[in-house]
Amino acid sequence: MALLKSSRVGGRYEHSEFPPTADILRKKSQKGADDIWEGRPKWRNAEIFAAAKKGERIEVTALDMNAAYLSAMKAWLPIGQLREETGGVHDPKKAGVHLVTPADWEHDDLPNPLGARMEPGELWVTESTLRLLLDCARQGVTEAPVIHRSLVSGASEALLEKLRRALAEARKTALAEGDELTVAYVKAMYSKFVSTIGESSANREIRRPDWMHIIRSKAFANLWMKAHKAHKAGLRVVEISGTDELHVAGDWRTVFSEGRDLNQVKEKDTYILGGKR
């Protein structure tokens, strides 16, 4: 938190650290959840697994996204208190959480950008998820969601940018020097930051559950965009899960750069599905 405060010195906006928390952002119990759906993915390509079961031999590579939460800190975050809007139109200069009814997903070979949600109907999503759904609509992948209500504030994509860059630079330097201890320490710093900026007894200096959900869902959105990129390039998307795991079939090195930088991916595993037994 000290690093966040120092990174905000001279910033254009003064963010609120303890704005009133909307009911939908309050946990229902100490260990319960609130009403926000983050879009966490857990998907397997049913057609590929069916083909493998019938004997088709498929070579799969499990790819790992580097520092997913660190990259996700570059997200549109609300600056002040969230206030209700019911106009049904997304304002790109604002951010928050939104009650939407998503369009039906009609692609069997690509995961739903809403993640592993089975229930139909309206749901509360974050700014990151809504922007992903709207981007999918602009690309003709699906129809745009219907926006019923929004709880939003004026927003910026740069609120955490100085902090993100400082951590990214420390990580990059540590990697260049082979200092895995510092790499692990930096990871612990940004992971702890994201996990405790909501309602957490481990962090008494800020309470922004909206930020926590938006950053987490941005990590999921970033992973989905990687899957979509692979799909458009002709790779077969086999599986996607969590914040950082993408399994593909095909020559992935023609699509992604390999390495440990934030804009690269690394090979986690290779395995064979199907084939003669």
With runs of 4+ DSSP H residues as the only contributors, calculate the mean residue ellipticity of the chain at 222 nm using -39,500 (n - 2.57) per run, divided by the residue total and rounded to the nearest 500.
-10000 deg cm²/dmol
Measuring from centroid to centroid over Cα atoms, what is the spacing of region 22-90 and region 138-156 in Å?
15 Å
Can you bin region 95-186 into rounded, prolate or oblate? Criterion: square roots of the alpha carbon gyration tensor eigenvalues sorted a ≥ b ≥ c, rounded for a/c under 1.5, prolate for a/b above b/c, oblate for the rest.
prolate
Can you tell me how region 2-273 classifies by the Cα gyration tensor, rounded, prolate or oblate, using a/c under 1.5 as the rounded cut?
oblate
Give me the extension gain from SER200 to LYS54: residue separation times 0.36 nm, minus the current Cα-Cα distance, reported in nm with one decimal.
47.7 nm
Cross-link reach list, aspartates and glutamates versus LYS42, counting only Cα pairs under 16 Å and skipping chain neighbours closer than eight places
ASP64, ASP108, ASP109, GLU119, GLU239, ASP244, GLU245
Among the trypsin sites (Lys or Arg not before Pro) in region 195-244, which ones are in a DSSP loop with at most 12 other Cβ atoms within 10 Å of the Cβ? Mind listing them?
ARG204
Place the peptides 46-54, 147-155, 67-75 in order of packing, highest mean first, counting for every residue the other Cβ atoms within 10 Å and averaging per peptide.
67-75, 147-155, 46-54
First select every other residue whose beta carbon is under 15 angstrom from the beta carbon of LYS42; then total the charges, Lys and Arg +1, Asp and Glu -1.
-1
Past 28 Å, Cα to Cα: identify those pairs from LYS27/LYS172; LYS74/LYS172; LYS28/LYS229; LYS27/LYS268; LYS31/LYS226, in the order given.
LYS27/LYS172; LYS28/LYS229; LYS27/LYS268; LYS31/LYS226
Only Lys, Arg (+1) and Asp, Glu (-1) charged, at Cβ; the chain dipole about Cα centre in debye
500 debye
Assuming 0.36 nm per residue, please report the length gained on full extension of the stretch ASP23 to VAL89 beyond their Cα-Cα distance.
21.5 nm
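No lab work stands behind these numbers, since they all come straight from the coordinates. This is a predicted model, so every value here is computed, not measured. Note that each Cβ is placed from the backbone with ideal geometry, even for glycine, and that neighbours are counted across all protein chains shown.
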